[in-house]
Amino acid sequence: MLFQSSDNSEIRGPIKQLLISMDSSDFQTLADMCIRQAEVLPDACAFIFDDGRKTFRQLDLASNQVGRGLIEAGIKAGSRVAIIGQDTVAHYEVLFGCAKVKAVLVNLNWRLSSREILYILNDSEAEVLFVAQAFFPLIESLVSQLASVRMIVALKGAHPNWPDYAEWKTAQPDILPVFDYSADDAAVQIYTSGTTGQPKGVQLANYGFFRLMQGMRAGGDPWMSLNAADTVLLSLPQFHIGGLWWAVQAYAAGAAGVIVDTFVGWRVLQLIEQHRITKVAMVPSMIQLVLEEPSCAETDLSSVKALLYGGSPISAPLMRRAMETFACDFFQIYGMTETGNMAVCLRPADHCPEGSPRMKSAGRPLPGVEVKIVDGHGRLLPAMRSGEICIKSPANMLGYWKNESATAQTLNSGWVRTGDVGYMDEDGYIYVCDRIKDMIIYAGENLFPAEIEAVLSEHEAVAEVAVIGIPDPKWGEIVKAFVVPRQPGALEQRELIDFARSRMADFKVPKSITFVDALPRNPSGKVLKRLLRAPFWQDQDRQVS
C-alpha cells in the first residue's frame, strides 16, 4: 500500500500520468472518480448544503481522512461500514472514504423499525457505524445486541460515549491510502425488503455506476447530457439505489449537487429557484407534493432543463400537470436495485402533455441493456405476450450478500428476474402490468405483503391476515389489510394499526383494515388475493398505480 500526500507529490510517475490522462468516461471505481475530479475540477463546487459548499478537492481530502480513520479502526478491504441518518455532505465523505480503502458502505434506510435496523446491522456484519444525532436513541437501544459493530461515530452532535465525526475526521491526515482498485469490487450493499420479512443485501460493484453510461456515451448517446455546468437536485435519499446512482452520475459529470436532507415541497421549490437547478430527479409522489404547494405557481422553474422520474408509475393527470408546470424534458426510468438502477428509459420524444399509448410504457431498454419476457418455464415469449420481465445490464448486481439460494433464484446467466409481469411491443417498448410477488410500491418504496402479514399475525387477536396494495392518487399504492379476528368484535382497527406501527416502519403500516369472517381461498387453500384486489383495481388501466 502506498500513501499519497495532499499535493500528490508522492504518487509515482506512471500512476499520476494515468490519472491525469483519464476523463470521466474512463472512471472504473468510486475511488478513481473522487481522485480524478479533485485534479481536474479542484475548486469547482461538488455539493451545496445547508451549512455551505464543498469543492471536489475538499471532498477528496475529507474522504482521505475518513479512509485513514477507518484503517485506524481496523477496517480492511471488504469490511462493511454502516451509516444511518438523513443525507448530509458527510454521507459522501464516508462513501468515498470507504471506496478508497475498499470497504463496502451499507447505508441504512432510517425509516425502518428498530427490529429491521438491528437485523441489517447484524446480517451485514458492519464493523463501524456512523450515526446522525436524531438516531442516537435508536442505536443506544440496540447497542447490546450488535454482533459485529466495534466503533460508533456520532455524525453530528455530542455523544458521551461515541467520538464526534468532525473531531475524529480532523485528527486524521489527509493522506490517501492507495490500493489496487478494481471495477469488480463490491462498493455498496443496499438492503431490499424480503418476501419472507428478511431484507436481502444487494451487493453492487463499482462497475455498476459507470459501465452503462460509458457504453452509451461511446455509442454517441448523450442521454440526459449531464455536464459540469449543471446544478443537480439530490432529493432522493442515498440509501436508495436511485438516490445514490443519481448523485454519482452528477459527480462523475462534474456537476454541483444540492443535498436535500428531508423532502419538503416548498423547500425544494426554494432550492430550485435559489440555486438555478438544471436537472431534477423525483419519484411521482414527490412531484405531486411539489405541484400541490401554493408557492409552486409563483416559483421560477425556468432553470430546470430535465426531470428524471421513476420508482413507481405516474398517473396521466399528474404527468400532464408536471409537464405544463416544469416545461422541460422528461425521462422515465425503470429498473431495480438488482440491476444497478435504470435499465429502461422513456425519453422526452415519447412524452406529450395530451398523453399517448407509449406513455403507459416504461420505455425501451437503454443501449447495452437486454430485456426479455419469459413464461413460467423460462421460455421466450413473442411481442405483446405477458410474462416475467428479465433484464441483463452491464450494471447488474454481484449477488445477494451471503444468500446463494436467493441469488440463484434472481440472477441466472447474467439475467435478473424482476418479478414484474409485463410485455414488449413490436417496437421494443416495455409495459409493466403487474407484479408476480405481490409487491406494493408506496411512494417509490418496495413493500412486500408477507412481511406486513407476519407482523400483524403476531397480535394475539388475529387469526388470519392478507395484505394487498390498493391505488392511491398521491402515493401510487397504499397498504390495505384484510383480517380475520379470532373472536368477532374483539379487535379495533386503531388498536391493530398502533400494534403494527410499534413493530415496523411507519410507511409499511396498513392505512386501512377490513375485518372479515374468512379470506377467499382456492381448493388448495391458497388465499385468492386477486379477489381482494378486484374491487379496488377494476377501473384502473393496469394493475399497478
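Within region 291-302, the residues that satisfy the criterion of being modelled with pLDDT of 95 or more and within 26 Å of the chain's Cα centre (by Cα) are LEU291, GLU293, LEU301. Of all the numbered requirements in (1) out of contact with any Cys (no Cβ under 6 Å at 6 or more places or on another chain); (2) farther than 23 Å from TYR191 by Cβ; (3) buried (at least 17 other Cβ atoms within 10 Å of the Cβ), GLU460 misses one, and that requirement is (3).
Among helices (runs of 4 or more DSSP H) entirely within region 432-543, having at least 2 residues that are under 25 Å from TYR119 (Cβ atoms) and touching a residue at least 40 places away in the same chain (Cβ under 8 Å) singles out 449-456, 493-501. Every test in (1) at pLDDT below 95; (2) over 23 Å from ALA183 (Cα atoms) is passed by PRO42 save one, and that test is (1).
Take LYS402 and decide whether it is more than 20 Å from ILE441 (Cβ to Cβ), modelled with pLDDT of 95 or more and part of a strand (DSSP E or B).
Taking the combined requirement at face value, the residue does not satisfy it.
The numbered conditions (1) surrounded by fewer than 21 Cβ atoms within 10 Å (Cβ to Cβ); (2) in contact with a Lys or Arg (Cβ under 8 Å, 6 or more places away or on another chain); (3) hydrophobic (A, V, I, L, M, F, W, C) are all true for ILE436 except (2).
Every residue, every condition in (1) of a type in the set (A, V, I, L, M); (2) touching a helix residue (DSSP H, G or I) at 6+ places or on another chain (Cβ under 6 Å), yes or no:
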| residue | (1), (2) |
| --- | --- |
| ILE430 | yes, no |
| ALA443 | yes, yes |
| HIS459 | no, yes |
| GLY469 | no, no |
| GLY489 | no, no |
| ASP498 | no, no |
| PRO510 | no, no |
| VAL527 | yes, no |
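Would region 41-48 turn up any residue that is buried (at least 24 other Cβ atoms within 10 Å of the Cβ) and outside any loop (DSSP other than H, G, I, E, B)? Looking for residues that are buried (at least 24 other Cβ atoms within 10 Å of the Cβ) and outside any loop (DSSP other than H, G, I, E, B), one finds at least one in region 41-48, hence yes. Restricting attention to region 463-485, the residues being β-branched (Val, Ile, Thr) and surrounded by fewer than 17 Cβ atoms within 10 Å (Cβ to Cβ) number 1. The residues in region 501-514 that are surrounded by 17 or more Cβ atoms within 10 Å (Cβ to Cβ) and at pLDDT 95 or above can be counted, and the count is 3.
The values are calculated or read from the model by the stated rules, or taken from the named source; none is laboratory data. All figures in this text were calculated on a predicted structure; none of them were measured in a lab. Positions of Cβ are backbone-derived with ideal geometry, glycine not excepted, and every protein chain shown enters the neighbour counts.
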